[in-house]
Every structure is written in C-alpha cells, then in structure tokens.
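The values are calculated or read from the model by the stated rules, or taken from the named source; none is laboratory data. This one's a predicted model, so the numbers in the text were calculated from it and none came from an experiment. Cβ atoms come from the backbone with ideal geometry, glycine included; neighbour counts cover every protein chain shown.
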Amino acid sequence: MRKKPTPHLIIDTSSSNDYLGDCDFGLIPLTPAYIKELLQYRNLVSFLHWADDRLYNLEYFDDTCRYFRDNDQLVGLNDIQGRPISKMPKGEPIILGSAPEITAYDFSEVECQTVSVGTQEIWWVAYIKHTNIRIETAHINCRVLEELQRRPTHRQDRSPSD
C-alpha cells in the first residue's frame, strides 16, 4: 500500500531580535499521532484549568517544529484545499498536503525547542543555537487540528490485525 503524504503546517514566527532571528516560518509535520498527542494535552490542560484557573498552558520539550527563512521555494505552492499560499493573508496558518522542498541550508539551527499547549491554542518556541534569541511561532487555534483530524484523508489506517 502506498503511504499517504503527511500534511505540514507552515506558520509565521516572531523573534526577540528582528535583525538576527533568521527564522521566518515554522514547519510542522502533522501526522495523525502528533495531532492526537497535541489534542490530548489540550484536553488535559482544559481539565486542569477547570480545577485551577491559574493554569492556562502546558509546555514540554518537543523538536517537531523546524524553523526556516523565507525563500522562493514556497512560491507557487497551494494549501491542502488547493488555494495558492501566495494569496493567503499574512499570519494565516498554511496547511500543505505534503512537505515542501526546502534545502537543509534554509533551516536554522535551534535548541531548547518546546511546544506550548493551551486550552484553545498551540505554539512552538525555540532559541537560535548558541544565542539568547527566542523564536516563537504564531499561535494556532486547536480547531485547525480538530478539523484536520476529521478529514477522511488524514485518518490513520488500521491494519487487519488490529
């Protein structure tokens, strides 16, 4: 059986240093297992927030997000619904049907990577390697992941032995 391509999220980033940030976007593969993990943590945070309203997010180490600079390789790509990404509003999360072709040179070296999961939103954070420059992605609403999880093309296939 041919393996289905994994959808990827491209999301804007901000930096604690606009001159040396060197990361314009985050690239996150949205496998069914990763979406399930994030939404389970969201449910846990929602429960804990209900019990103690001072708790509003959970942050843990996660190196799933890769950070890269703006480049011409994104020109001409369409999102998962066939819309040209060049025409999408700035800051809008973009979901591609598969990984874009980005060279290793375009990815930035980062460390201390985390993901923060809140009751409504998820975002990724990292530091440029050997600096104190913080990179943070835009926050995405958990509904984006819920909608993607419901897509028939994204559900995990079950083997006959399950």
Residue, surrounded by the most Cβ atoms within 10 Å (Cβ to Cβ), within the range 34-58, restricted to residues that are among the polar types (S, T, N, Q) and more than 14 Å from residue 124 (Cα to Cα): 46
Entirely in the range 1-106, the strands (runs of 3 or more DSSP E) that have 3 or more residues that are among the aromatic types (Phe, Trp, Tyr), at pLDDT below 85 and at positive phi: none
Of residues in the range 99-117 being within 15 Å of residue 61 (Cα to Cα) and surrounded by 15 or more Cβ atoms within 10 Å (Cβ to Cβ), the one farthest from the chain's Cα centre (by Cα): 110
Filter pass, residue 122 being under 18 Å from the mean Cα position of the chain (by Cα), outside any helix (DSSP H, G or I) and modelled with pLDDT under 90: no
Of residues in the range 75-98 being exposed (fewer than 14 other Cβ atoms within 10 Å of the Cβ) and either among the polar types (S, T, N, Q) or touching a Leu at 6+ places or on another chain (Cβ under 9 Å) (or both), the one nearest to residue 26 (Cα to Cα): 98
Residue within the range 59-74 that is within 16 Å of residue 99 (Cα to Cα), surrounded by fewer than 13 Cβ atoms within 10 Å (Cβ to Cβ) and touching a strand residue (DSSP E or B) at 6+ places or on another chain (Cβ under 9 Å) present: yes
